[in-house]
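First comes the structure, then the notes that go with it.
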Protein chains: 2
Amino acid sequence: MGTTKTDFFTDNQNELAILAKALGHPARIAIIEYLLKVNTCICGDIVNELPLSQPTVSQHLKELKNAGLIKGNIEGNAICYCINESGFEKIKVFFQHVTTHLEKRNNECC
Amino acid sequence: MGTTKTDFFTDNQNELAILAKALGHPARIAIIEYLLKVNTCICGDIVNELPLSQPTVSQHLKELKNAGLIKGNIEGNAICYCINESGFEKIKVFFQHVTTHLEKRNNECC
DNA sequence: TTTTTATATTGCAATATTACGATATAGATT
DNA sequence: AATCTATATCGTAATATTGCAATATAAAAA
């Protein structure tokens, strides 16, 4: 009990849920928006930008990376983070799917 | 401690996070996909479709409704659920924003 | 009115998430 | 080598989520 019943859902459903869940925190939305603005940055930049401690930011970065939404490359001392397009591509496909379905019918609802 | 520091983020960041969080579970992705297929349905239909108990499905429906992703209308005995387009519109705008930013630069990353 | 049907709510156990201080790691600088 | 800089990990407390049995609610059917 308490655990998500992952086995009973499709791989695609689980993948989409993981991607959406990773974006399900305002700090992680803020990190993505910041990365869109500055293109690349290091963890310390985000620590300066957000009202969160360094360990907390590091944890959020890890979750975004595990979900496949950002990439991190070692650059000497620091780690250079940037957006991982392929992760966003997957969600985009889902939302296009939703939009296409909704456009077909004329907003008929209950 | 343990609570998300909502006050330190913008309304838009919090709203997007709430929408994404609502989609951050495979059962809720499955519910949305099912609603896309059948247009409208009642809670019992989803209980038959998913490997989850009635109270659990009811709870997931509540979360999707609170986030603004589905609508529920009382129809006699039952409640008729359907997709709420305006919720999806908000996320779509966010992803368009991401896509536009990413297309501008030529995939330059770290 | 009793029963059936459809959903929501309550209460609870198991697990997951959020946040941060303290500490570890690892490359750069002096 | 000692120190500084940048980030990750560990440990832990507070809170949230997931799932379901039991129960409540409310309209429909008998």
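The values are calculated or read from the model by the stated rules, or taken from the named source; none is laboratory data. Please read all numbers here as calculations on a predicted model, not as lab measurements. Reconstructed Cβ throughout: ideal geometry from the backbone, glycine too, with neighbour counts over all protein chains shown. Each accessible area value is taken on the protein alone, full model and side chains, heavy atoms only, with ligands, DNA and RNA left out. Shrake-Rupley method; radii C 1.70, N 1.55, O 1.52, S 1.80 Å.
Think of it this way: in chain A, A:C41, A:C43 stand alone, with no other Cys Cβ under 4.7 Å. The A:N77 and B:K90 beta-carbon pair, evaluated with R₀ = 45 Å, returns a calculated FRET efficiency of approximately 0.70. Counted by Cβ distance under 10 Å from A:P51, the other residues give a net charge of -1, where Lys and Arg count +1 and Asp and Glu count -1. For chain B, relative contact order (Cα pairs under 8 Å, six or more residues apart, normalised by length) works out to 25 percent. Using alpha carbons only, how many degrees (0 to 90, rounded to 10) separate the axis of helix B:11-22 from the longest principal axis of chain B? Its long axis makes an angle of about 50 degrees. Under a model in which nothing but the beta-carbon of Lys, Arg (+1) and Asp, Glu (-1) is charged, the protein assembly as shown shows a dipole of about 100 debye around its Cα centre. Stretched out straight at 0.36 nm per residue, the stretch from A:T99 to A:E49 would grow longer than its current Cα-Cα span by 14.6 nm.
Mean projected area of the Cα convex hull of region A:11-98, taken over all directions, amounts to 5.9 nm². Estimated at the nearest 10 Å², the accessible area of B:H101 is 50 Å² with a 1.4 Å probe. Relative to the longest principal axis of the Cα atoms of chain A, the long axis of helix A:85-104 lies at roughly 20 degrees. Across region B:54-71, coupling constants 3J(HN,Hα) worked out from phi with the 6.51/-1.76/1.60 Karplus curve, θ = phi - 60°, read 4, x, 5, 4, 4, 5, 5, 4, 4, 5, 5, 6, 4, 6, x, 9, 9, 10 Hz, and Gly and Pro carry x.
For the protein assembly as shown, the Kirkwood estimate of hydrodynamic radius, built from reciprocal distances between every pair of different alpha carbons, is 18.5 Å.
The largest accessible area among A:V57, A:V47 belongs to the first residue in A:V47, A:V57, and the rest follow in falling order (1.4 Å probe, all chains).
With respect to chain B, whose longest principal axis is taken over its alpha-carbon atoms, helix B:26-38 is tilted by about 70°. For A:K92, the solvent-accessible surface computed with a 1.4 Å probe is close to 50 Å², ligands and nucleic acids excluded. Net charge in the neighbourhood of A:T10 (other residues with Cβ under 14 Å of its Cβ; Lys, Arg +1, Asp, Glu -1) is -1.
Largest accessible area first, the residues A:T3, A:T100, B:T40 order themselves as A:T3, A:T100, B:T40 under a 1.4 Å probe with ligands, DNA and RNA left out.
For B:D45, the accessible surface of its heavy atoms amounts to roughly 60 Å² (probe 1.4 Å, protein chains only, rounded to the nearest 10).
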